[in-house]
Amino acid sequence: MASTETDLIVIGAGPAGASAAMVADSNGVDVHLVDEATQAGGQVWRAPIGDLEKSDTPETREGSSLRTRLATSGVKTLSGERVWSVLINTDGLFQVDSLGPDGPTTLIAPRLVAATGAYERIVPFHGWTTPGVMGLAAATILLKSHAVVPGKRPVIAGAGPLLLSVAAGILDAGVKPLAVIDLDSRADWLTRLPSLATQPKLVARGAGWAARVRRAGVPILHRHSVRSVDGHNQVELVTVSPVDASGAFTDGQDRQFNADALLVGHGLTPGADIPRLLSAKMQHSVVRGGYVPDTDAHGQTSVDGLFAVGDGAGIRGADAAVTRGQICGLAVAKESGHLSDVEFGRKVKPLLKACKKQSHFSDAIAETLALRSGQVTSVPKSAVVCRCEDVTRAEIEAAGSAGASDVNQLKHFTRSGMGPCQGRLCGEIAATILSQHLGVARQTVGTLTARPPLRPVAMGDLTGTFSYDDIPIPEPAPL
Ligand SMILES: Cc1cc2nc3c(=O)[nH]c(=O)nc-3n(C[C@H](O)[C@H](O)[C@H](O)COP(=O)(O)OP(=O)(O)OC[C@H]3O[C@@H](n4cnc5c(N)ncnc54)[C@H](O)[C@@H]3O)c2cc1C
């Protein structure tokens with residue numbers, strides 16, 4: 001199969017990757033931008049489909065502006081391309097293999113930007129795999145792209161700004177949620193207000209959602225979390241209980257809701273699979289959502305030519321993703337000889353300044369999305385943690401007692417993280433359970449070794465139709 005050579009491959013056409021690609025392109029770099037979605041925009045600026053294309057929200061405006069700018073740039077955008085393998089070939093170049101509408105594609109370049117975003121995290125509770133329990137961030141996809149409201153009597157639970165954003169979106173769609181259940185207290189939000197106020201427009205949006213929810217009479221229960229979901233093949237009853245600052249359940253009155261859906265999200269985990277796969281130096285950061293690559297201020301990782309930006313390099317949100325993507329695009333242009341040091345210095349200065357300003361807001365939001373230790377200690381023994389392989393908390397702890405001392409050993413002992421998601425959804429929680437059980441720091445149990453395929457792909461799709469006669473048979477070795 002033929003491969004295409006280029007100056008720069010960017011994986012991920014969200015705010016971070018698209019910004020990096022466009023800035024590099026505008027400075028003379030030949031760029032290929034690859035994304036598995038059918039249109040650019042990533043999670044936050046996801047393209048609506050059909051008639052919804054006309055809907056007018058800040059996200060749809062930002063998204064269509066990005067898609068227009070991308071279409072008029074020189075960036076070669078490959079949409080609907082699932083990247084399943086990234087390696088450094090024998091010439092020392094990055095080789096990216098993807099599977100798209102026209103079959104397999106191979107790109108080769110001396111520089112690679114990983115801008116693959118984040119995964120939603122749900123800390124398991126009794127009944128969390130019941131149909132009708134859905135991720136909070138996943139609910140935004142249904143609302144934004146399809147205008148589908150998940151449930152007629154939903155409860156919305158978890159942490160961070162998506163709680164009120166989803167609640168307001170559902171109200172706008174004509175459905176009244178039964179309650180919003182927030183891990184944080186009002187005081188937690190007030191403490192963060194000075195940092196959040198550094199981005200007044202975003203705070204005003206949040207305040208607008210809160211006002212909308214309160215006007216509609218939707219109760220907001222602060223410092224509460226979901227204890228259990230019950231129902232026969234469908235959510236019927238959601239029980240919530242008070243929690244302390246660590247997210248652990250405390251004595252206090254339970255509340256119950258006769259809901260038909262639970263939209264729940266406990267933050268985001270960086271999708272840092274590509275830096276892990278290429279053995280970049282990684283570090284664990286609770287506030288950044290888990291293991292993240294070590295990068296300099298321009299997104300350069302410890303692997304020469306490999307850059308990481310956006311939520312995949314640590315949870316910071318969309319605005320920071322744009323700025324850091326732009327900085328990375330300039331750095332690539334400089335590294336590949338398209339920008340002099342002086343030009344680079346001049347262009348990057350205001351972006352670095354903006355980055356610093358954004359960090360107050362993004363750090364405060366990242367804090368709301370960080371995994372709290374008490375949430376993990378509250379996971380019931382019988383709860384399934386790795387749902388691909390059906391591994392419970394009790395089994396993880398038993399493996400720890402039997403000698404599994406890091407997450408890769410845990411995988412061998414229990415198959416936790418071995419299924420189609422490859423630990424993307426459960427890995428951080430399974431690792432935290434193991435570290436708590438062993439009484440060691442989270443870093444001690446490490447991170448799962450990444451392996452291709454990065455996405456599940458069918459072998460037949462990669463090989464296509466072939467004749468066995470065409471397979472070269474090596475000559476037998478001389479006797
Ligand atoms: C499900 C979900 C919904 C969210 N909704 C919101 C929201 O409504 N509002 C909000 O403020 N924030 C939301 N967030 C957070 C938000 O995504 C980020 O803060 C912001 O979009 C980060 O930008 P990014 O460019 O780093 O990543 P993203 O916007 O996530 O973009 C990453 C891109 O990489 C692509 N990609 C990843 N892996 C591969 C692969 N192997 N092959 C090909 N392409 C790949 C993805 O398709 C995606 O388009 C959401 C996060 C998630 C996980």
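Of note:
- The simple spin-label model puts a point 7 Å past each Cα toward its Cβ; for residue 212 and residue 468 those points are separated by 6.1 nm.
- With the charge dipole of the range 122-266 set up from +1 on Lys and Arg Cβ and -1 on Asp and Glu Cβ about the Cα centre, the Cα lying farthest toward the positive end among the listed residues 199, 128, 219 is that of 199.
- A simple spin-label model places pseudo-atoms 7 Å from Cα toward Cβ; at residue 297 and residue 4 they are separated by 3.5 nm.
- Net charge dipole, the chain: roughly 1900 debye, given to the nearest 20, about the Cα centre with Cβ charges of +1 for Lys and Arg and -1 for Asp and Glu.
- Of all lysines in the structure, those lying under 24 Å Cα to Cα from residue 281, and not within fewer than 8 positions of it along the same chain, are 334, 356, 411.
- Charge tally for residue 206 (other residues, Cβ to Cβ under 12 Å; Lys, Arg +1; Asp, Glu -1): +4.
- In nm, spacing of pseudo-spin labels at residue 343 and residue 141 (7 Å Cα→C-beta vector): 4.0 nm
- Look at where the Cα atoms of the range 404-479 and of the range 92-164 average out, and the two centres are 20 Å apart.
- The Rg/Rh ratio for the chain, using Cα coordinates for both the radius of gyration and the Kirkwood hydrodynamic radius, is 0.98.
- Helix axis angle, 427-438 relative to the chain longest principal axis, alpha carbon, degrees: 60 degrees
- Helix 162-172 vs. the chain, principal-axis angle (Cα, 0 to 90°, nearest 10): 80 degrees
- In a reduced charge model with +1 at each Lys and Arg Cβ and -1 at each Asp and Glu Cβ, the range 282-374 shows a dipole moment near 340 debye about its Cα centre.
- Taking 18 Å as the straight-line reach from the Cα of residue 152, the lysines in range (excluding those fewer than 8 positions away in the same chain) are 144, 176.
- Per-residue ellipticity at 222 nm computed for the chain from its helices equals -10500 deg cm²/dmol, with DSSP H segments shorter than 4 residues left out and the rest contributing -39,500 (n - 2.57).
- Taking the longest Cα principal axis of the chain as reference, the axis of helix 186-196 is set at about 30 degrees.
- Residue 189 - accessible surface, heavy atoms, 1.4 Å probe, Å² rounded to 10: 60 Å²
- If only the Cβ of Lys and Arg carry +1 and only the Cβ of Asp and Glu carry -1, the dipole of the range 379-445 around its Cα centre is close to 100 debye.
- Remark: relative contact order (the range 379-445) = 33 percent; criterion is Cα-Cα distance under 8 angstrom and separation of 6 or more residues.
- Rounded FRET efficiency, nearest 0.05, which uses the C-beta distance separating residue 441 from residue 245 and R0 of 25 Å: 0.80
- Taking Cβ atoms as reference points and 9 Å as the exclusive limit, the residues near residue 270 contribute a net charge of 0, counting Lys and Arg as +1 and Asp and Glu as -1.
- Protection-proxy order for peptides 421-429, 378-386, each taking the mean of Cβ atoms within 10 Å per residue, highest first: 421-429, 378-386
- Extension reserve of the residue 56-residue 394 stretch, reckoned as 0.36 nm per residue once the Cα distance is removed: 116.9 nm
- Cβ-derived FRET efficiency at R0 30 Å, residue 172 paired with residue 233, nearest 0.05: 0.50
- Local electrostatic count, residue 362, Cβ distance below 12 Å [Lys/Arg +1, Asp/Glu -1]: +2
- Its relative contact order, with pairs defined as Cα atoms under 8 Å and 6+ residues apart, puts the range 176-280 at 24 percent.
- Along the axis of the charge dipole computed for the range 333-429 (Cβ charges of +1 for Lys and Arg, -1 for Asp and Glu, origin at the Cα centre), the listed residues 425, 404, 338 are led at the positive end by 338.
- Value of relative contact order over the chain, rounded to a whole percent, pairs C-alpha under 8 Å and six or more apart: 17 percent
- Using a Förster distance of 41 Å, the FRET efficiency for residue 451-residue 360 (Cβ separation, nearest 0.05): 0.60
- Using the average count of surrounding beta-carbon atoms within 10 Å as a protection proxy, the listed peptides 112-120, 142-150, 216-224 rank, highest first, as 112-120, 142-150, 216-224.
- Along the axis of the charge dipole computed for the range 156-257 (Cβ charges of +1 for Lys and Arg, -1 for Asp and Glu, origin at the Cα centre), the listed residues 253, 209, 180 are led at the positive end by 209.
- Ranked packing of 441-453, 365-377, most packed first, by mean Cβ within 10 Å: 365-377, 441-453
The values are calculated or read from the model by the stated rules, or taken from the named source; none is laboratory data. Nothing here was measured: the structure is a model prediction, and the numbers come from that model. Every residue, glycine among them, receives a Cβ derived from its backbone with ideal geometry; neighbour counts consider all protein chains shown. Remember, those area values only see protein heavy atoms, side chains included, never the ligands or the DNA or RNA. Shrake-Rupley method; radii C 1.70, N 1.55, O 1.52, S 1.80 Å.
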